[in-house]
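Just below is one structure, and these are the notes that go with it.
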Amino acid sequence: KLAEVLRSHAAWVRGDKDGVRADLSWCNLSRCNLSGANLIGANLSGADLREANLRGADLREADLSGADLSEADLSRADLTETYLSRANLRGAFGGEVARLDFGGWSICVRADQTAIGCQRQPNEKWLAWSPDSPEIQQMHADAPAWWTDHSEAIKAVIRCVMTKAERAKNGRR
């Protein structure tokens, strides 16, 4: 059944009239091999993707809100404008760098620092700041509202990259 959902979704992405957007919300996809899958704009909210292989998957504009991605392989996955609010990324791996795009600003997360647009700061600062923090208030007129919308997901990715880097440093996966 999953293969058929993915075929129909690919047709939807191409604009075929018979295509249907994939709705895999709340599905148990733990340990599934979705490497290279075309999941552009798919609804995966609340999905169980624990230990799933999402290596190279195209997740642009997908809804992964509340999804459990713990221990998932996100290597080379495209997460541009992916909705990750309340997603569990604990132990998800994909190297020590993550690249994201949210609301017009590009984000590059590294083990020690994160760049959002032209702002490069240590991860500890990003993790500590709220939309009301003076540092966020001074960045850009839209920064407080943007940080309100996206900080939860960005902080989850920062923690994930930091955890992965620490594990690699200690010789663990």
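The values are calculated or read from the model by the stated rules, or taken from the named source; none is laboratory data. These numbers were taken from a predicted model, which means no experiment stands behind them. Cβ: placed from backbone, ideal geometry, glycine included. Neighbour counts: every protein chain shown. Only protein heavy atoms, including side chains, enter the accessible area calculation; ligands, DNA and RNA are left aside. Shrake-Rupley method; radii C 1.70, N 1.55, O 1.52, S 1.80 Å.
From the residues in segment 158-173 that are within 22 Å of the chain's Cα centre (by Cα), in a helix (DSSP H, G or I) and surrounded by fewer than 19 Cβ atoms within 10 Å (Cβ to Cβ), which one is modelled with the highest pLDDT? Steps first, please.
As a first pass, look at segment 158-173 and keep what is within 22 Å of the chain's Cα centre (by Cα): 158-168, 173.
Checking the rest, the ones that are also in a helix (DSSP H, G or I) come to 158-168.
Imposing the further condition that a residue be surrounded by fewer than 19 Cβ atoms within 10 Å (Cβ to Cβ) reduces the set to 159, 163, 165-168.
Values: Arg159: 91, Thr163: 86, Ala165: 81, Glu166: 83, Arg167: 78, Ala168: 74.
Per the criteria, the residue is Arg159.
Taking only pairs six or more apart or across chains, which ones have beta-carbon atoms under 7 Å, a first residue in segment 133-157 that is open to solvent by less than 30 Å² (accessible area, probe 1.4 Å), and a second residue that is among the small types (Gly, Ala, Ser) and not in a helix (DSSP H, G or I)?
As it stands, the answer is Trp146/Gly103; Ala153/Ser85; Ala153/Ala87; Ala156/Ala87; Val157/Ala98, since those pairs meet every condition given.
Return a yes/no flag: does segment 128-141 have any residue that is among the β-branched types (Val, Ile, Thr) and within 18 Å of Asp58 (Cα to Cα). Lay out the reasoning, then the answer.
Taking segment 128-141 and keeping what is among the β-branched types (Val, Ile, Thr), we get 136.
If we keep only those that are within 18 Å of Asp58 (Cα to Cα) too, we end up with none.
Checked segment 128-141: no residue is among the β-branched types (Val, Ile, Thr) and within 18 Å of Asp58 (Cα to Cα).
Kindly evaluate Ser35 against the criterion of being surrounded by fewer than 18 Cβ atoms within 10 Å (Cβ to Cβ) and under 19 Å from Thr163 (Cα atoms). Give the derivation first.
On the way: surrounded by fewer than 18 Cβ atoms within 10 Å (Cβ to Cβ): yes; under 19 Å from Thr163 (Cα atoms): no.
No: the conditions fail for Ser35.
Among the candidates Arg60, Arg21, which residue alone is at pLDDT below 95 and either open to solvent by less than 70 Å² (accessible area, probe 1.4 Å) or part of a loop (DSSP other than H, G, I, E, B) (or both)? Working first, answer last.
Numbers: Arg21 fails: at pLDDT below 95.
Checking each option against the conditions leaves just Arg60.
Out of all the residues in segment 2-16, is one or more of a type in the set (Phe, Trp, Tyr) and assigned to a loop (DSSP other than H, G, I, E, B)?
Filtering segment 2-16 down to residues of a type in the set (Phe, Trp, Tyr) leaves 12.
Okay, now just the ones that are also assigned to a loop (DSSP other than H, G, I, E, B), so none.
Within segment 2-16, none of the residues are of a type in the set (Phe, Trp, Tyr) and assigned to a loop (DSSP other than H, G, I, E, B).
Which of the residues spanning segment 1-10 are more than 20 Å from Asp73 (Cβ to Cβ) and surrounded by 15 or more Cβ atoms within 10 Å (Cβ to Cβ)?
Val5, Ser8, His9, Ala10
May I ask you to list the residues in segment 25-52 that are among the polar types (S, T, N, Q) and in a loop (DSSP other than H, G, I, E, B)? Reasoning before the result, please.
Taking segment 25-52 as the starting set, the residues that turn out to be among the polar types (S, T, N, Q) are 25, 28, 30, 33, 35, 38, 43, 45.
Those that are among the polar types (S, T, N, Q) and in a loop (DSSP other than H, G, I, E, B): Ser25, Ser30, Ser35, Ser45.
Identify all residues within segment 67-119 that are assigned to a loop (DSSP other than H, G, I, E, B), open to solvent by less than 10 Å² (accessible area, probe 1.4 Å), of a type outside the set (Ser, Thr, Tyr) and within 26 Å of Asp142 (Cα to Cα); write none if there are none. Show your work before the answer.
Applying the first criterion (assigned to a loop (DSSP other than H, G, I, E, B)) to segment 67-119 yields 67, 69-72, 74-77, 79-82, 84-87, 89-92, 94-97, 103-104, 110-112, 117-118.
From what is left, the residues that are open to solvent by less than 10 Å² (accessible area, probe 1.4 Å) are 67, 69, 72, 82, 84, 91-92.
Adding the requirement that they be of a type outside the set (Ser, Thr, Tyr) leaves 67, 69, 72, 84, 91-92.
Within segment 67-119, just Leu84 meets the criteria.
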